[in-house]
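**Q** Sharing a structure below in structure tokens format, with a few things to ask.
The values are calculated or read from the model by the stated rules, or taken from the named source; none is laboratory data. Model, not experiment: these values are computed from the prediction. Because the Cβ atoms are built from the backbone with ideal geometry, glycine has one as well, and the counts that use them run over all protein chains shown.
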Amino acid sequence: MDLPVVNHEDYFAKIGDDHKFPIKKFGELANYLKKNEIVKKFHKPYACSFETLSHAHSKNYISKIKNKTLSKEGIKKIGFPLVDSVVQRSLVATGGTVLASKLAINYGISCNTAGGSHHANYDGGAGYCVFNDVAVAAHYLINRGLANKILIVDLDVHQGNGNSEIFKDNRSVFTFSMHSKTNYPVKKSNSDLDVELEDNLEDNAYIKTLKYYLSELNKENFDFVFYIAGVDIHFNDRLGKLKISDEGIRLRDELVVENFFSQRIPFCGVLGGGYNKDFNKLVELHSILHQSCAKYIGS
Ligand SMILES: [Zn+2]
């Protein structure tokens, strides 16, 4: 069976060619996955509905995004201009993770080619995150009785503070974030499990730490896993502070996928951050998530 992967051409938003955020990566990643026959045909999502969004975000905030009436400070915190294509992108990327989560229930494993907007909070966005797609999808699954105990494995180099805030009093969702101690956000929130990594950490120590915490998490009975596979842990990333190699990222993704897939826990992988100095390398690094999932689906 082929790995179900969700993609939409609107993941690419018009934010200007000189913008610091490498928005072109979404289109290039889709091309790369097709060219290398990792994906034959993408599943196409709908824009996430207001109702589905409203379980993770305030109605006031959703309206301000949809109507483009968010304050200047609110827009600045997000880091994208609030234009039509950014609104559309935020809605389809969130709808994409919701669709991917349903595909994971049906097929055991799935991926989005965007998602992992983990800094977005109940009442506002931040750090290139408008809507928190994983939080929206987690609520969606719980509300429909498709999952009861969800684990979010967040291995982006930045802390998943949006998820830890949104789910801080929610016993149905466990947040695990392993991130750079000294990186954004300056003020960290409390996940159910936070692992802070020192600057310049290399592959061996990283993988050893991850293995230990995965074995701890295996003691719980989760019935769904979201994986935020940020590649900003790479040594050549503009925003990361770790020194993880290409091979280290491959080992990480295969370890995570294998750990949950071998337990037959529905698994949904989303992109997370990546700001590599080398654009082609960035696309290749993001594709490791999809390659790792594709490797296991036939097994
Ligand atoms: Zn990040």
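**Q** Taking the range 284-299 as the search range and keeping residues that are at pLDDT 95 or above and under 16 Å from K40 (Cβ atoms), which one is surrounded by the most Cβ atoms within 10 Å (Cβ to Cβ)?
**A** C293
**Q** Output the number of residues of the range 252-299 satisfying the condition of being touching a helix residue (DSSP H, G or I) at 6+ places or on another chain (Cβ under 7 Å) and of a type in the set (S, T, Y).
**A** Total satisfying the criteria: 3.
**Q** Could you grab me the full set of residues in the range 157-169 that are outside any helix (DSSP H, G or I) and under 18 Å from T94 (Cα atoms)?
**A** Across the range 157-169, the qualifying residues are G160, F167.
**Q** Here is a follow-up. Answer yes or no: is there a residue in the range 86-93 that is among the basic types (K, R), assigned to a helix (DSSP H, G or I) and in contact with a Phe, Trp or Tyr (Cβ under 9 Å, 6 or more places away or on another chain).
**A** yes
**Q** Sticking with this structure for a sec: Would you call S117 within 16 Å of the ligand (Cβ to nearest atom) and outside any strand (DSSP E or B)?
**A** It is true that S117 is within 16 Å of the ligand (Cβ to nearest atom) and outside any strand (DSSP E or B).
**Q** Go through (1) out of contact with any helix residue (DSSP H, G or I) (no Cβ under 6 Å at 6 or more places or on another chain); (2) without any contact (Cβ under 8 Å) to a residue 60 or more places away in the chain; (3) in a strand (DSSP E or B) one by one and return the number of the condition T175 breaks.
**A** (1)
**Q** Any residue at all in the range 166-175 that is within 29 Å of N236 (Cα to Cα) and of a type in the set (S, T, Y)?
**A** Within the range 166-175, one or more residues are within 29 Å of N236 (Cα to Cα) and of a type in the set (S, T, Y).
**Q** Do you know which of the residues in the range 132-146 that are part of a loop (DSSP other than H, G, I, E, B) and either crowded, with 24+ Cβ neighbours inside 10 Å or on the phi > 0 side of the Ramachandran plot (or both) is nearest to the chain's Cα centre (by Cα)?
**A** Among those residues, the one meeting the criterion is N132.
Here's the yes/no breakdown for (1) within 16 Å of the ligand (Cβ to nearest atom); (2) not aromatic (F, W, Y):
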position	(1), (2)
K68	no, yes
K72	no, yes
K77	yes, yes
Q88	no, yes
G96	no, yes
N106	no, yes
Y122	no, no
A126	yes, yes
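**Q** Select from the range 46-67 the residues that are in a loop (DSSP other than H, G, I, E, B) and in contact (Cβ under 8 Å) with a residue 60 or more places away in the chain and write down the one among them that is nearest to S101 (Cα to Cα).
**A** C48
**Q** Go through S180, S101 for me and flag whichever is within 14 Å of the ligand (Cβ to nearest atom), modelled with pLDDT of 95 or more and buried (at least 18 other Cβ atoms within 10 Å of the Cβ).
**A** From the options S180, S101, the qualifying one is S180.
**Q** Next question. The conditions are (1) β-branched (V, I, T); (2) under 19 Å from the mean Cα position of the chain (by Cα); (3) under 20 Å from Y128 (Cα atoms), and T52 fails exactly one of them. Which is it?
**A** Going through the list (1) β-branched (V, I, T); (2) under 19 Å from the mean Cα position of the chain (by Cα); (3) under 20 Å from Y128 (Cα atoms), T52 breaks only (3).
**Q** Looking only at the range 101-110, count every residue that is touching a residue at least 60 places away in the same chain (Cβ under 8 Å) and in contact with a Phe, Trp or Tyr (Cβ under 9 Å, 6 or more places away or on another chain) and tell me the total.
**A** 6
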